[in-house]
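Peer 1: There's a structure below that I have some questions on.
The values are calculated or read from the model by the stated rules, or taken from the named source; none is laboratory data. On a predicted model such as this, the values are computed, not experimentally measured, just so you know. Cβ sites come from the backbone with ideal geometry, for glycine too, and all protein chains shown count toward neighbours. Ligands, DNA and RNA are excluded from the accessible area calculation, which covers all protein heavy atoms including side chains. Shrake-Rupley method; radii C 1.70, N 1.55, O 1.52, S 1.80 Å.
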Amino acid sequence: MSGADFSALDRAGLNLQAVFDLARLPAQLRERLPGPPAAFSQLILIGNAGPALWRAVCAEGICSADPIDDFSIRHVTRWFAQHCHGHHSHRLYPGNAPVDLQTLGRLAGWHQPSPFKIGIHAERGTWFAYRVALLADTHLPLTTAPATPSPCTACKDTPCITACPADAMAGGNFALDACIGYRRQSGSRCATTCLARLACPVGAEHRYDTAQIHHGYTHSLRMIEYFATDRAARKG
């Protein structure tokens, strides 16, 4: 296998790809992975940036509870079968095994910290996400990530902090409880979006479609309410 042809994934909106040598991953990250067969030598990380993925999902039709996950798994599985013929893989994510996606994102050059705790890409802003992680017995060219600082370090106006109606970053550190508390309020302006995220100027041209933002934040709010109800029931 002389190279990696990711064009089919690019066309599907899965336009971020990174390949790592398992043996060179940080020990702490590697040790948390489920015991891979000795034949597996690489970890392939697939993500998306911008609105192209959502548009591709909608074009195929949203017919499941997790349309983005299902679409991503389907297209990555098809890509691997076609372009890594004769090789084997094991999907880590989406799945039940813990995978430190943020560390992998930093190693890939995608992820830098932001004040509101969403990873930020130097060019695409916060409008990217991790979609699929595979262990594989492939010999694809490894990713060489550029050393880029967080764009937040040069941001003087900090519009994300002033735009947050929950003042979740007012104390210098992100206050998750304040964010969640505001999102759960009746009439919250952040129930199905994030005003801090929208205010960030980095990669604004890559912003997700409104429908995708609504989909993602509706799902996260549903999970927040589920766990809050479950916690209350346990206390009762």
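Peer 1: Quick one: with all protein chains in place, what share of the accessible area of the range 37-141 is carbon or sulfur, to the nearest percent (1.4 Å probe)? Walk me through the intermediate numbers first.
Peer 2: Numbers: 2370 of 4540 Å².
So the carbon and sulfur contribution to the accessible surface is 52 percent.
Peer 1: Where the centre of each part is set by its Cα atoms, how far does the range 81-106 sit from the range 114-133, in angstrom?
Peer 2: The distance from the Cα centre of the range 81-106 to that of the range 114-133 comes to 18 Å.
Peer 1: If Lys and Arg each add +1 and Asp and Glu each add -1, what is the summed charge of the other residues whose beta carbon sits under 14 Å from the beta carbon of ALA136? Kindly include the intermediate steps, with their values, before the conclusion.
Peer 2: Numbers: positive: ARG91; negative: ASP21, ASP137.
Summing Lys/Arg as +1 and Asp/Glu as -1 gives -1.
Peer 1: Can I get the semi-axes of the chain's equivalent ellipsoid? Compute them from the C-alpha gyration tensor as square roots of 5 times the eigenvalues, in angstrom, largest first. Could you put the intermediate results ahead of the total?
Peer 2: Values: eigenvalues 201, 85, 72 Å².
Taking √(5λ) for each Cα gyration eigenvalue gives 32, 21, 19 Å.
Peer 1: Which residues among the range 123-157 fall inside the zone where the amide N is under 14 Å from a point 7 Å beyond the Cα of GLN102, along Cα→Cβ?
Peer 2: Answer for this model: 130.
Peer 1: Another question about this same structure. Kirkwood hydrodynamic radius (Cα pairs, Å) of the range 1-102?
Peer 2: Evaluated on the range 1-102, it is 14.9 Å.
Peer 1: Something else: Which distance in nm do the two modelled labels at ALA204 and HIS219 give, with both placed 7 Å along the Cα-to-Cβ direction?
Peer 2: 2.7
Peer 1: By how many nm would the segment from GLU60 to ALA145 grow when fully extended, if each residue of separation counts as 0.36 nm and the alpha-carbon distance is taken off?
Peer 2: Going from the current span to full extension adds 27.4 nm.
Peer 1: Counting every Cα pair in the range 14-66, what percent are over 12 Å apart?
Peer 2: The share of Cα pairs beyond 12 Å in the range 14-66 comes to 74 percent.
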